[in-house]
Amino acid sequence: MLFRSLASGAFAETKTLTVGGYGGSFETLMKELIIPEFEKAHDVKVAFVAGNSTENLARLQAQKGAQELDVVILDDGPMYQADALGFCAPIVKSAVKDDIYDIANLGANSIGIGFVATGFTYSKEWFEKKGWDLPTSWEDLKDPKYSQILVVPPINNTYGLHALVMLARDAGGGESDIDPGFKAMTDEVAPNVLVFEPSSGKMSELFQSGEIALSVWGSGRTKSLADTGFKAGFIYPKEGAVALMLAACPVVESDTPDEAQAFIDYLLDPVIQVKLADAMGAGPVNKKAELPPELAESLPYGDKISTLVTVDWDVINPKRQEWTTRWSREVEQ
């Protein structure tokens, strides 16, 4: 009986922190390079739950009032939804957060942990062969020379949504007046589009097979494509590439609130930020993180951060379903 009592007491002292985040290379990075060191430093066991942003947001909704997750990592759009629905607890101030770019401070309850830029991915070989100048503006997506060699992801993909908003802004509208964006996309960009492709794997295949020369895509995806040996380049449009942030928040009613805050701080550490950049193609949100030249060249980093623009998710999220229906009816008809 004494042995059983002592064993139970020892077991109870080992806390478990449950983190929800992306699968794939992110999950591998977490389990191999980030979680083990955190566990040692904080005497806690970390359980990782893999899922994309939509899946983990749905998990929070399904478990309302009895949350399994203590920390959740989502794209910034779904993170704004999670916060608005009351799933995120306040972020505690700490020294490392003093080194974070202002643009990454999403609000009182969530924070960016990595930058991805939405801009243009292009085939260097194609452009060199044609002798074409590189596109410099969101307006260049309308150029007839890109007919049937351009891909824009659909609006249920953040990259496609960003393109719609930027086209609307260029035409004098924006998130609160999206009509000019739909008109530009439907009348002038869509005729150039080979396919509205949401899958990153299929997008890579289209580039590698020589079927497309240009796409609206992310800096991180471009890095992954270039890592395969394909000559891919990334362009920051002059109006601004759009910041797509990987974001984290401590989940409400956590039974390990201190460890949750510590884990978020750990993700913001400059050394960990470089690991995130290498594995995920996510530019550091910590100003003190130093990237090697090959990463710094294409990722949102240093001076490029000041050129990034953001979209207003508080306006977008309530309208997203309506816009998605409209996109299917008008753009991909």
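Bear in mind these aren't lab numbers, they're just calculated from the coordinates by the rules spelled out. Please read these numbers as outputs of a predicted model, since none were measured by experiment. We place every Cβ from the backbone using ideal geometry, glycine too, and count neighbours over all the protein chains shown.
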Task: Most fluctuating residue given options GLY131, GLY119, GLY21, as computed from a GNM of the chain linking Cα atoms under 10 Å - done: GLY131
- [ ] Express in % the proportion of alpha carbon pairs of the stretch 112-254 at distances exceeding 26 Å.
- [x] 22
Task: Label point distance in nm, ALA84-GLU39, each placed 7 Å from Cα along Cα→Cβ - done: 3.8
TODO: Measure of size requested: the Rg and Dmax of the stretch 12-116, with Cα atoms as the atom set and Å as the unit; please supply both.
DONE: 14.0, 40
Open item on the list: Per DSSP helix of 4 or more residues, -39500 (n - 2.57); summed, then divided by the residues of the chain. What does that give at 222 nm, rounded to the nearest 500?
Closed with: -11500 deg cm²/dmol
Open item on the list: Kirkwood hydrodynamic radius, the stretch 211-298, all distinct C-alpha pairs: what's the number in Å?
Closed with: 15.1
Open item on the list: Mean-square fluctuation check for the chain, GNM, Cα pairs under 10 Å: which of LEU194, LEU244, LEU150 is largest?
Closed with: LEU194
Open item on the list: Give the average over all directions of the projected area of the C-alpha convex hull of the chain, one decimal, in nm².
Closed with: 18.3
Task: Modelled FRET efficiency - R0 30 Å, ASP187 with GLU55, Cβ distances, 0.05 increments - done: 0.30
Task: Gap separating the Cα centres of the stretch 45-84 and the stretch 254-268, nearest whole Å - done: 15
- [ ] List, in the order given, every pair from LYS15/LYS40; LYS124/LYS223; LYS183/LYS319; LYS93/LYS287; LYS223/LYS287 whose Cα-Cα distance in the structure shown is over 19 Å.
- [x] LYS223/LYS287
